[in-house]
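Working notes for the structure below.
The values are calculated or read from the model by the stated rules, or taken from the named source; none is laboratory data. Bear in mind that the values here come from a model prediction, so they are computed numbers and not experimental data. Neighbour counts are summed over all protein chains in view; Cβ atoms, including those assigned to glycine, are modelled from backbone coordinates with ideal geometry. The accessibility values were calculated without ligands, DNA or RNA, using every heavy atom of the protein model including side chains. Shrake-Rupley method; radii C 1.70, N 1.55, O 1.52, S 1.80 Å.
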Protein chains: 2
Amino acid sequence: MPNIIDRSVLSPVSRMRTAFFVSDGTGITAETFAHSLLTQFDTHFRQVRLPFVDSVDKAHLALRKIDETFILDGQRPIVFSTLVKTELSDIVRASHGLYMDLIQTFIEPLEQELGMKSMHTIGRSHTSADSAEYKNRIEAINFSLAHDDGQSNRNLEEADVILIGVSRSGKTPTSLFLAMQYGIKAANYPLIPDDFEREKLPGSLLPHKEKLFGLSIAADRLAEIRNERLPGSKYAMLENCRYEINEAEKIMRREGIRWMSSTTKSIEEIAATILQEIKSEQRPD
Amino acid sequence: MPNIIDRSVLSPVSRMRTAFFVSDGTGITAETFAHSLLTQFDTHFRQVRLPFVDSVDKAHLALRKIDETFILDGQRPIVFSTLVKTELSDIVRASHGLYMDLIQTFIEPLEQELGMKSMHTIGRSHTSADSAEYKNRIEAINFSLAHDDGQSNRNLEEADVILIGVSRSGKTPTSLFLAMQYGIKAANYPLIPDDFEREKLPGSLLPHKEKLFGLSIAADRLAEIRNERLPGSKYAMLENCRYEINEAEKIMRREGIRWMSSTTKSIEEIAATILQEIKSEQRPD
C-alpha cells in the first residue's frame, strides 16, 4: 500500500502524473484498489487522497484542487472516485482529470441484475463503529494482542486460530492482520528450544490442536531478520536458526499440524492462505 | 469488512445470491472493494473468496464452482474479478455469473490516457514481501507494538505520530492500523490519573510535542467499554470516566495538542483523519 507521506515528499511534482483518490469516506478502499491498478503501469504517480468529501462545498474544493494540479503538472490527473451521491460525483466529474467512477461503473449493472435500486448511502465501505461486525473486529484485535507470543493461555478456547512457529517467523503481524481485517481471534505461540528438547508441543496447546497452524521460514531469511534485532547473538546465528526450524518442522510434521513457509509471503498472502484452511475446515465445499 | 467465516456459516445458501471474489492474488483488495459495492444494496449475499487463481486449471475450477452455485442458488452469482491475465479472466468470464471485471474496466482507459501498455502482472495489489515498502510496514508494526500503551520511550524520536488519550480511547487499534496499512510508526501513550494530578503531560512526551495527537471519547461510551473489561470497577465508573476525560482534554487544550473524538469513529476513520493532519503538517498544500 502506498505510504502517502513518503511519496508526496519524495515525488517531484513537475512532469509527474498525479492520481487523486476522492471519497466521501476515508478513501482507504478507493486508494487500495486504485493503487493495485496503478501498479500495473511502469511509471510513478504522485498520489493524493481526498477523504471525507461529503458535501457540495467539499466537492467543489476537490474539483478546484484537481484542476490546479492539472495546470501545475501540465498533464491530466487521474481521478479515482468512490463518491456515492451523484450530486457530489457530478461536481468532481466536471474536472479536467480523467474521471474513473469506481462506484457507478458497477452499481448500474448490479441494480439491473438485482432488480433493485442501490441506497446511495455514504461511507458504507467500512463497517460503522457501532455495528456488531466492527465491535467483533476490535474484540479480535484485543484478543490477538493479549495472546501474542504465548503471553496468555486464558480463553485460548475462544481463539479461531493459533499460529505457532519459531521466533520471528511472522506470527505476530499475521495474527494482528487476521484480527483487524477479518475479526478473527488469532492467538500466536512461539516454539522455543525447551519444546525442541522435549520434542513436544507446549502442553497448553494440546487441547487446541485442531486450531493450530504453523509458520516456517527459510533459515537464511530468519537469520537475517534476527540479526537486525539482536546482531551477532546466538539467537540470530544461521546454525541456530537452521536447528530451530528443523526441530519446529519435525514437531509439526509429527503432530500433523498444517503449516506453510512465510519466507517470500506478505502477511496478506499468509492470512489469505490461513483463511482458506480455517474456512474449508468449518464449511467443506 | 466481511467476516467470511461467520457469513458462510450463518448464511442459508438457498435463494440467497452468492457473490464471488476471484483473484490471482489474495483477493483481499477485490473483496474489500466489492464489499463496499454490495453494501449499497439492502440484501444479503453469500460471499465466497476464490484467491490465488493464477493458472488455467485454477481458472477452470473457479468457473465450475461459479456455475455449480448458479444451479444451486437458482440465481446468477455476482462475480467480482481482479484477474489480471486475460487468458485467465477470459475463462472465468464465460461463467453463468454476472462478471464484473474490476481490472480491465479501468486498465483500458488508463492505457489510453497514459499512452502505455499495462504490465498484466499478477499479485501487484499488495507490496511483495521483499520490497522496501513492505519491510517498512513490518518495521512499523513492530515499532507500534513495542511502543503500545507507553511501554517504552526508546527511539520515541523515530515515531511518525504519538497518540495520547485516556485508557480505552482507541489508541492501540488505531496505532496498529496506521502501521499495518501505511507503514507509519505510531506510538501510543496513555494519560493517567498521575498526569491529571500534575496537570501536565508525561515528561517523556515533552520533547516530541509536535508529534502528539489526542484521542478523546464520550464518557458514557468509555464507561461502557471499560465495564466490559473490568465490570463494576472504579476505573469503569461513569463519574471516573467523566473526570479522566475532562482532565485529559484540559491538558490537550492547554498544551495546544490536536485531538479528535473517537466515540462514533471506526479506526479507519480515525486513521484517515490523523493521516491528513500529519500530511498537511509535512507538506502544506
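Descriptive notes on the structure:
- Area of B:Trp259 that stays accessible when all protein chains are in place (1.4 Å probe, Å², to 10): 90 Å²
- Using C-alpha pairs under 8 Å with a sequence gap of at least 6, the mean separation divided by the residue count of chain A gives a relative contact order of 13 percent.
- Using a 7 Å Cα-to-Cβ projection, A:Ile192 label spacings across copies, nm, ascending: 2.5
- For the rotational copy pair A/B, the chain A residue whose Cβ lies nearest the symmetry axis, together with its distance in Å, is A:Phe33, 2.
- Per-q log10 I(q)/I(0), region B:28-70, q = 0.25, 0.26, 0.31 Å⁻¹ (Debye; single scatterer per alpha-carbon; no solvent): -0.97, -0.99, -1.07
- Helix runs (DSSP H) in chain B reaching 27 Å along axis by Cα, Kyte-Doolittle at least 0.0: none
- Against the compact-protein benchmark of 2.2 N^0.38 Å, the Cα-based radius of gyration of region A:67-120 scales to 1.37.
- Taking the label point 7 Å along Cα→Cβ, B:Ala146 and its counterparts in the other copies are spaced 2.7 nm apart, in ascending order.
- What separates the B:Lys250 label point from its copies, with the point 7 Å along Cα to Cβ, is 6.3 nm, written shortest first.
- Long-range Cα-Cα pairs in region B:10-82 (distance over 15 Å), rounded percent: 52 percent
- Computed over region A:74-202, the ratio Rg/Rh where both radii use C-alpha atoms and Rh is Kirkwood: 1.23
- Within chain A, longest stretch clear of exposed trypsin sites (Lys or Arg not before Pro) (DSSP loop, no more than 10 other Cβ within 10 Å): A:16-153
- Average projected area [Cα convex hull, region A:12-148], square nanometres: 11.2 nm²
- Computed helical MRE - 222 nm, chain B, DSSP H runs ≥ 4 contributing -39500 (n - 2.57), nearest 500: -14500 deg cm²/dmol
- Each principal axis of the Cα cloud of region B:125-267 was taken in turn, and the coordinate range along them, longest first, works out to 50, 32, 22 Å.
- Kirkwood hydrodynamic radius of region B:162-225, from inverse mean 1/r over distinct Cα pairs, in Å: 12.6 Å
- Of every Cα-Cα pair in the protein assembly as shown, the percent that sits beyond 48 Å: 11 percent
- Extreme residue, positive dipole direction of chain A, given options A:Gly150, A:Thr69, A:Ser233 (C-beta unit charges): A:Ser233
- Modelled FRET efficiency - R0 25 Å, B:Glu68 with B:Thr43, Cβ distances, 0.05 increments: 0.70
- Relative contact order for region A:75-153, counting Cα pairs under 8 Å that sit 6 or more residues apart, in percent: 24 percent
- Normalised by residue count, region A:198-245 yields a Cα convex hull volume of 99 Å³ per residue.
- Region A:202-285: proportion of alpha-carbon pairs further apart than 14 angstrom, %: 69 percent
- Cα-derived Rg to Rh of chain B, Kirkwood definition: 1.08
- Per-residue HN-Hα couplings for region B:255-263 [Karplus 6.51, -1.76, 1.60; θ = phi - 60°; Hz; x = Gly/Pro]: 8, x, 8, 5, 8, 9, 8, 9, 3
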